[in-house]
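Inspection log for the structure reproduced underneath, given as structure tokens.
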Amino acid sequence: MGYLNDKGVTYDYFESLAFQKTLKEKGIVQFLSLLKIFGKFQLHEHQFEHLSDPNVKQVETKMQLFWGDEFEGHVIKLYDDKKLALLNPNTGGLFQSLGEEQQKKLPFVILPEFGAWMIELTPNKPYQCMCFNFDQVLINMRKRIQTLQSYLPQGNQYVLIPVYPMLGVGRFTTTVESDLTASMIEKIRSQTSYIEGTPTLQQDEKQFQNEKLIQPATPYKELPVEPICNYFSQSIYFDDRIINPHPRYSTLAQNIRLRRGSKVEIKIPLFIDQNTKIEQSEYEPNPGYITMDHMGFGMGNCALQTTYLSIDIDHARLLYDQLAVLAPLFAALTAGSPIYKGKLSNWDTKWDCLEMSVDCRSENERNPQHPNHIPKSRYSSISYFISNDKMNLEEYNDLNFPANEEIMKFAKQKASEMNIPLDDKLLRHLGILFLRDNMVMFKDKIHIDDNTAHFEAIQSSNWNSVRFKPPPSYNSKIGWRVEFRTMEIQLTAEENAAWSIMILMIVRLFFTNYIPVNFYMPLSLVDENMRRSKEKGAILNQKFYFRTNFQDYGPATIEELSLQEIFFGKQDGSFIGIIGLIHQNRNVVNKQQCAQKEEHIYLKNKTLQDEVIEFVRNKVNGNTKTLASWMRDFVTSHQNYNQDSIVSHEINYDLIKTLTAIKDRQKEDPHFPLIFSM
Ligand code: ADP
Ligand code: MG
Ligand code: MG
């Protein structure tokens, strides 16, 4: 997130063309410098030799697996008298008021995001040693959500759902620049110390008295309700003033459009109900689809991401590949995005919406017949496995994805000048990343070699299913990390903690070299899984490609399996599933990663793990609904729903109101279980 410290004036895309090549080359040199410094970096307490060597002696040691999560939520204001739930884009005050000192008192970090109504929360320190950690994520998530909520003036809710359903429908925000900012600053400043678990801020009824509320326009034909400020995006639905005011965000929106040569076009298939009208209009130019035209329709959505420190660069590369295979599965498992722009869609996840929302490829690059064709947006599933491990067979890299050959040549030559070993796979990885242009150039930063900023400019705008992260700076104490990026945010702290722990259980298997685990399969099948993961009810209705010989180093035996089978195994016992693998190795993993004297922690973790496994079991067998299918059912059984696919502002209000009551545990709902006994 270092890039948010950059302020100042940016170049538009055409102006930036003069510097693209130079800055990419600088970015490559920066990466190579990181490689030179950290190429041999190893996690301090790691005592194993090489990951896939099964003959290494088991050593009892306390492993320092640092890891963390990050998630975003929407600030939504509920107007009970008018039955409206509108985005509140006035969160700026929160960031102004939270100085460094104030932040230090909190066990988490508050960060801005693309939408001025969004807030990202991460733990302020990564969770420490694996063996201490399982409840830390739950405690921290609960605290984050509760504290943030206490900062918001009355009537506002911090809501964890991936997509705000009414984005782009008439008037969907509160007034921009209300007195919310000033009020937040005052409140946060008056809070002198953080008191564990107690919301400390006073609520202020008068807060919104002066706020002018413009009635939203429904149905669609009344759009737009007022002249839209769309300088950056040219959107017909979405006002650019609700983009976060940091110049990075509006510049991205503008330059993606300029590079592409047209507005972004997001087309999501409409869910066709018995009274659905399939007709063309100015606001729905593609009959049968929900059409959107602003980066914010994607980047205004919320995710749950997790990041793991690896033992060394080789381990990070292996973990990156392995997690890439799991990425589509976890998208389907956490599906929570059935509504876009006030309409029910045929999809349950937001991944493709994000792909389309930042698709900066030119017309030629989008054309499969053109020699410059690039098959995917810069937001996409990964296109290349990068590990040199013997498990990574050539046949798995079957996408034949284009790369920036010119920059690869440069990187190869520079690496040899700098005397840095740069193998072919890592080289190609760079070539694929650097196929994309730098979208945000600050005029005063062009000639400054500010640590790794030029590398990060490319890296942080390649939004892929997993991210291979080098140490963030030349003097970093952090090693090589991998980020897992496809999970949809869940409503409650408990669900988000549960999914984070589920992934952690899998990641831990890769920290013990004598347990063979191999999820490799051809990337074309991983991509096919990604396509399937978004389909309505995919968690129960779809089958996914998965390798059933996942404890073998050799070629993959692949079957199409349900998520229930992938996790809990096949009925005939021929495949034990991921949970089977975890069970089989749990004692070894837990004990190895906790010194003997910490037995009680190991036992506590075991209970938590069992609770998570139970939660996952209930998801994949359909006992509990995904957030997506819960929302879908809520809308279609609402008394005001006309079987026409339309979600009105009133239905949206009831939906948000009910979700809020559930997340605050004022209303019980079996589909949002408490999961944990603690
Ligand atoms: P980005 O937005 O670029 O993905 P953030 O800075 O928002 O990254 O989040 C970084 C994530 O990495 C957080 O989840 C944080 O807890 C985690 N993290 C921070 N330090 C470490 C570390 N040493 N090892 C592993 N994860 C870490
Ligand atoms: Mg982040
Ligand atoms: Mg992230």
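The values are calculated or read from the model by the stated rules, or taken from the named source; none is laboratory data. Keep in mind that this is a model prediction, so the values were computed, not measured. Positions of Cβ are generated from backbone atoms using ideal geometry, with glycine treated the same way; all protein chains shown enter the neighbour counts. The area values use the complete protein model at the heavy-atom level, side chains included, leaving out ligands, DNA and RNA. Shrake-Rupley method; radii C 1.70, N 1.55, O 1.52, S 1.80 Å.
Odds and ends about this structure:
- Single unsatisfied condition, Pro673 versus (1) under 30 Å from Tyr283 (Cα atoms); (2) at pLDDT 95 or above: (1)
Quick grid of which residues meet (1) at negative phi; (2) open to solvent by 50 Å² or more (accessible area, probe 1.4 Å); (3) touching a strand residue (DSSP E or B) at 6+ places or on another chain (Cβ under 9 Å); (4) in a helix (DSSP H, G or I):
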{"position": "Arg248", "(1), (2), (3), (4)": "yes, no, yes, yes"}
{"position": "Gln254", "(1), (2), (3), (4)": "yes, no, yes, yes"}
{"position": "Asp273", "(1), (2), (3), (4)": "yes, no, yes, no"}
{"position": "Glu282", "(1), (2), (3), (4)": "yes, yes, no, no"}
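- Count of the stretch 169-194 residues which are at pLDDT 50 or above and among the hydrophobic types (A, V, I, L, M, F, W, C): 3
- Each residue in the stretch 607-652 was checked for being modelled with pLDDT under 95, among the hydroxyl-bearing types (Ser, Thr, Tyr) and not in a loop (DSSP other than H, G, I, E, B), and 1 pass.
- Residue in the stretch 282-335 that is farthest from ligand 3 (Cβ to nearest atom), counting only those that are β-branched (Val, Ile, Thr) and over 30 Å from Leu509 (Cβ atoms): Thr291
- Of Asn451, Asn462, Asn475, all but one fail to be surrounded by fewer than 22 Cβ atoms within 10 Å (Cβ to Cβ), within 16 Å of ligand 3 (Cβ to nearest atom) and not acidic (Asp, Glu); the exception is Asn462.
- Restricting the stretch 301-326 to residues that are more than 15 Å from ligand 1 (Cβ to nearest atom) and not polar (S, T, N, Q), the residue that is most open to solvent (accessible area, probe 1.4 Å) is Asp314.
- The stretch 574-606 - residue that is outside any helix (DSSP H, G or I) and at pLDDT 95 or above and, of those, surrounded by the fewest Cβ atoms within 10 Å (Cβ to Cβ): Ser574
- Considering (1) under 16 Å from Gly342 (Cβ atoms); (2) surrounded by fewer than 19 Cβ atoms within 10 Å (Cβ to Cβ); (3) at pLDDT 95 or above, the lone condition that Ile266 does not fulfil carries the number (2).
- Test: residue in the stretch 473-485 that is within 18 Å of Thr306 (Cβ to Cβ), away from ligand 2 (no atom under 16 Å from the Cβ) and assigned to a loop (DSSP other than H, G, I, E, B): yes
- Flag for Tyr289 being away from ligand 1 (no atom under 16 Å from the Cβ) and in contact with a helix residue (DSSP H, G or I) (Cβ under 6 Å, 6 or more places away or on another chain): no
- Entry remark, the stretch 413-458: residues being farther than 18 Å from Phe38 by Cβ, aliphatic (A, V, I, L, M) and in a loop (DSSP other than H, G, I, E, B) number 6 in total.
- Residue among Asp359, Asp398, Asp389 that alone is part of a loop (DSSP other than H, G, I, E, B), open to solvent by 40 Å² or more (accessible area, probe 1.4 Å) and acidic (Asp, Glu): Asp398
- First in the stretch 78-95 and open to solvent by 10 Å² or more (accessible area, probe 1.4 Å), second anywhere and of a type in the set (D, E, K, R) and not in a loop (DSSP other than H, G, I, E, B), Cβ under 7 Å, 6 or more apart: Leu78/Lys657; Lys83/Glu650
- In the set (1) surrounded by 20 or more Cβ atoms within 10 Å (Cβ to Cβ); (2) under 19 Å from Asn388 (Cβ atoms), the condition left unmet by Met441 is number (2).
- The residues of the stretch 362-383 that are assigned to a loop (DSSP other than H, G, I, E, B) and touching a Gly at 6+ places or on another chain (Cβ under 9 Å) amount to a single one, Ser362.
- Pairs linking a residue in the stretch 342-357 that is closer than 24 Å to Asp644 by Cβ and in contact (Cβ under 8 Å) with a residue 12 or more places away in the chain to a residue that is surrounded by fewer than 24 Cβ atoms within 10 Å (Cβ to Cβ) and charged (D, E, K, R), with Cβ atoms under 6 Å and 6 or more positions apart or on different chains, are Asn346/Lys536; Asp348/Lys536.
- From the options Ser524, Ser562, residue that is more than 16 Å from ligand 2 (Cβ to nearest atom), under 23 Å from the mean Cα position of the chain (by Cα), open to solvent by 10 Å² or more (accessible area, probe 1.4 Å) and not β-branched (Val, Ile, Thr): Ser524
- Scanning the stretch 98-120 for residues that are over 25 Å from Leu138 (Cα atoms) and crowded, with 19+ Cβ neighbours inside 10 Å turns up Phe114, Gly115, Ala116.
- Single condition Glu495 does not satisfy, out of (1) closer than 30 Å to Tyr11 by Cβ; (2) among the acidic types (Asp, Glu); (3) assigned to a helix (DSSP H, G or I): (1)
- Checking the stretch 332-346 against the condition returns no match, with no residue being closer than 22 Å to Leu87 by Cβ, within 16 Å of ligand 1 (Cβ to nearest atom) and not in a strand (DSSP E or B).
- Residue within the stretch 367-382 that is out of contact with any Leu (no Cβ under 7 Å at 6 or more places or on another chain), open to solvent by 20 Å² or more (accessible area, probe 1.4 Å) and in contact (Cβ under 8 Å) with a residue 60 or more places away in the chain present: no
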